[in-house]
Number of protein chains: 2
Amino acid sequence: MTLDFRQAAQLLRERDGFLILTHHRPDGDTIGCAVALCRALRRLGKTAYVLPNPDATALFDPYWGDVLAPADFQPDTVVSTDIASESLFPSNAEAYKGKVELCLDHHPSNTGFARYNCVEADKAACGELIYQVITQWFPVDRETALPLYLAVSTDTGCFVYSNTTPHTHQVAAALMETGIDYAAVNKRHFRTKSYTRLRLESRMIETMDLHHSGQTAIAAISLQDMADFNATERDVEDIAAVVGQLEGVLTAVTIRELKPGECKLSVRTGDHLDASKVCALLGGGGHAAAAGCSVLGSVAQAKSAILTAIETIQNQGKSKQ
Amino acid sequence: MTLDFRQAAQLLRERDGFLILTHHRPDGDTIGCAVALCRALRRLGKTAYVLPNPDATALFDPYWGDVLAPADFQPDTVVSTDIASESLFPSNAEAYKGKVELCLDHHPSNTGFARYNCVEADKAACGELIYQVITQWFPVDRETALPLYLAVSTDTGCFVYSNTTPHTHQVAAALMETGIDYAAVNKRHFRTKSYTRLRLESRMIETMDLHHSGQTAIAAISLQDMADFNATERDVEDIAAVVGQLEGVLTAVTIRELKPGECKLSVRTGDHLDASKVCALLGGGGHAAAAGCSVLGSVAQAKSAILTAIETIQNQGKSKQ
């Protein structure tokens, strides 16, 4: 059953014994939403906890506070924030499949897996929806505003991505007015890079191949690169953005060698080329502007394969003209 | 004489024949403010132009439209936007020194050089002030909202710098609601880097020296680096930010070799160290968090000199404890 945010706020008012779920490989939006909602429910006088997320990185350590559920907590009402489908549950939430009472989300692809689903797909961040729910009860305080600011800022790259809307900025303004240290959040999430990350980016830039008069860029991170800098998964998060920012590049490919003889490819394109068609030629898929695929082979073989795929789709486009 | 934004709006209503000045080495704030104010004054029925700025780079080409003053334009009322003092006038505005009727600005250091001065130092961008002035007359339209969005976003690094306030976000939301293509502005100014710039950044990272257990980073761009990548001044703009983002670094130094035997140094520090004291030892100055100086010598000599200066000030701090 579908609810709007007012109905969701009313439903939460009527229940108690809350456990809030976040998605696997959690980001600032799912964590910020869960923490903020938990604190607001407690302010309503409810018992509320967030299920610990085994995938959470140290980047989000400052935000959890005292919301994490003890191992023996038995919830009456399970709520999910920023989770599009049950396949995205973290490993320790298997037992809650089919048992979510209320799903609060902003993904257009949401499967409607809960008993009640409140999905606002026009919101850049799920945090905007949680803000609307909470302000049905009372104005946000600092304790809820900080994790909501984390949610809204991280899902928009600090208001730079094209998903950002006037509503995103209005919510940010209201959150900031509570007196939170938003500058610290911005510094931590948008103005800080590890030395390892910076060296990996440098290696990518220096070894990048440019084709088609500079309109196609193919960069790679090999297992050797990872070893050279003692890099971990944290250091390569969202690293495809590095090639995507290159001026004049219309097609940006980032290759990661996952193990010897296997590479994962991320392809980002402008309007001129359908990335999902390019990746489909190599058994992958995705969206028109961003897609992915795997290639069994070396980095050099992956580069060659994706370049051929790009040119095949480009030539198909031309033959139609 | 000091005016608030309502009085400034009233003054502008009473005058005509406007020429609007921008500051030398113009940025998005001064250009966006001048273009927006010019369009709004024309909407009021006034004759208004912006003085062409000889330092303006191609980055801002999309924003000028039809506002540039013809060479023979004789203004009745000269207005300046985002200019803190007459020393910041561009070279072709010398004749207007002592003749500015209204100065609209947000710099705390504003010298009050105009007949009427409207300075709001709590605003992150002068664009926020111009928005307040224009909305005294009518709601902003798309034509004024786009340059104002440029102003507000560029002066805050797209809402990430610590100068950003709730008001900044409120103004951004109102501007975006007019239907402007803010995503294109964000892409152009915050998500695009030239290949040359990326290669310069990579070279800096790879040749950077770390001291004091990684808390001090000293990076340099030599004349050879500039030549290797055919780099221009545009490619090194704000390049000191590269070192400043390094995780764990408290003192970030960026050295630029300006000519053989002469280096310019930029020093950024946290609360633990006064950058202006460090730079004063080498004949420079600035603020506690960001200062600069010059060293007559090679890049290696400049590195050695600034490291000694940092350690001298650090040891003075310790001896006081």
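The values are calculated or read from the model by the stated rules, or taken from the named source; none is laboratory data. It should be emphasised that the depicted structure is a prediction, and the values quoted were computed from it without experimental measurement. As a convention, Cβ positions derive from the backbone with ideal geometry for all residues, glycine included, and neighbour counts pool all protein chains shown. For accessibility, only protein heavy atoms count, side chains too; no ligands or nucleic acids. Shrake-Rupley method; radii C 1.70, N 1.55, O 1.52, S 1.80 Å.
Key figures
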read-out: Of all DSSP beta bridges in the protein assembly as shown, antiparallel share, percent nearest 5; value: 45 percent
read-out: Paramagnetic reach from B:E311 (point 7 Å along Cα→Cβ, amide N under 17 Å) across the stretch B:209-245; value: B:209-219
read-out: Gyration tensor (alpha-carbon) shape descriptor, the stretch A:1-143, a/c threshold 1.5; value: rounded
read-out: Protein accessible area in the stretch B:238-321, 1.4 Å probe - carbon and sulfur %; value: 53 percent
read-out: Residues along the stretch B:168-188 losing 10 Å² or more of accessible surface when the other protein chains are present rather than the chain by itself (probe 1.4 Å); value: B:H169, B:Q170, B:A173, B:M176, B:E177, B:Y182, B:A183, B:N186, B:K187
read-out: Amide H partners (placed H, <5 Å) of A:E262, local residues excluded; value: A:G297
read-out: Estimated vicinal HN-Hα couplings, Hz - the stretch A:126-140 in sequence order (Karplus 6.51, -1.76, 1.60; Gly, Pro = x); value: 4, x, 5, 5, 4, 4, 5, 5, 5, 6, 5, 9, 6, x, 5
read-out: Peptide-level mean, for A:146-157, of C-beta atoms on other protein chains within 10 Å; value: 1
read-out: Computed [θ] at 222 nm, deg cm²/dmol, chain A (DSSP H ≥ 4; -39,500 (n - 2.57); rounded to nearest 500); value: -11500 deg cm²/dmol
read-out: Global form of the stretch B:166-321, assessed from the alpha-carbon gyration tensor, a/c cut-off 1.5; value: oblate
read-out: 7 Å along Cα→Cβ, label-point gaps from A:Q10 to other copies, nm, shortest first; value: 4.9
read-out: Restraint check, A:K97/A:K123; B:K187/B:K303; A:K193/B:K264; A:K97/A:K193; B:K99/B:K123; A:K259/B:K193, Cα-Cα greater than 28 Å; value: B:K187/B:K303; A:K97/A:K193; A:K259/B:K193
read-out: Protection proxy ranking, peptides A:259-265, B:216-222, average beta carbon neighbours within 10 Å, highest first; value: B:216-222, A:259-265
read-out: Heavy-atom SASA rank of A:D209, B:D271 (probe 1.4 Å, accessible area, largest first); value: B:D271, A:D209
read-out: Contact order normalised by residue count of the stretch A:157-228, Cα under 8 Å, 6+ apart, percent; value: 20 percent
read-out: Accessible surface ranking that places the most exposed of B:D4, A:D29 first, with a 1.4 angstrom probe; value: B:D4, A:D29
read-out: Copy-to-copy label separations for B:E237, where each label sits 7 Å from Cα toward Cβ, in nm and ascending; value: 3.0
read-out: Check: the stretch A:1-124 dipole with +1 on Lys, Arg Cβ and -1 on Asp, Glu Cβ, in debye; value: 340 debye
read-out: Nearest-ten-degree value, helix A:142-154 long axis tilted from longest Cα axis of chain A; value: 20 degrees
read-out: FRET efficiency, A:T232 to B:R15 (Cβ-Cβ, R0 60 Å, nearest 0.05); value: 0.45
read-out: Nearest-first distances (nm) between copies at B:P62, label 7 Å from Cα via Cβ; value: 3.3
read-out: Solvent-accessible area buried by A and B, counting both chains, probe 1.4 angstrom, square angstrom; value: 3500 Å²
read-out: Solvent-accessible surface (1.4 angstrom probe) belonging to B:L44, in square angstrom, nearest 10; value: 50 Å²
read-out: Accessible-area ranking of A:R188, B:R25, A:R197, largest first, probe 1.4 Å; value: B:R25, A:R188, A:R197
read-out: DSSP bridge orientation in the stretch B:176-290 - percent antiparallel, rounded to nearest 5; value: 65 percent
read-out: Magnitude of the charge dipole, the protein assembly as shown, Cβ model with Lys/Arg +1 and Asp/Glu -1, debye to 20; value: 100 debye
read-out: Accessible area per residue in Å² at 1.4 Å probe, computed on chain A; value: 42 Å²
read-out: Distance in nm between pseudo-label sites at B:L44 and A:E143 (7 Å out along the Cβ direction from Cα); value: 4.9 nm
read-out: Inter-chain shielding of A:189-198 (mean C-beta neighbours from other protein chains, 10 Å cut-off); value: 5
read-out: Relative contact order (%) - chain A, alpha-carbon pairs under 8 angstrom, separation at least six; value: 12 percent
read-out: Residue-by-residue Karplus 3J(HN,Hα) for the stretch A:61-75, coefficients 6.51, -1.76, 1.60, Hz, glycine and proline x; value: 3, x, 9, 6, x, 9, 8, 6, 6, x, 4, 9, 5, 10, x
read-out: In Hz, Karplus ³J(HN,Hα) per residue of the stretch A:222-230 (6.51, -1.76, 1.60; θ = phi - 60°; x = Gly, Pro); value: 8, 4, 5, 4, 4, 5, 4, 10, 6
read-out: Residues listed by number, the stretch B:271-301, amide nitrogen under 15 Å from B:S162 label point at 7 Å toward C-beta; value: B:271-276, B:287-291
read-out: Helix B:166-176 vs. chain B, principal-axis angle (Cα, 0 to 90°, nearest 10); value: 60 degrees
read-out: Cα gyration tensor category, rounded, prolate or oblate, for chain A with a/c compared to 1.5; value: prolate
read-out: For chain B, size of Cβ-based charge dipole, Lys and Arg +1, Asp and Glu -1, in debye; value: 200 debye
read-out: Fraction of beta bridges assigned by DSSP in chain B that are antiparallel (%, nearest 5); value: 50 percent
read-out: Computed over the stretch A:93-187: relative contact order in percent, which uses C-alpha pairs under 8 Å that are six or more apart; value: 23 percent
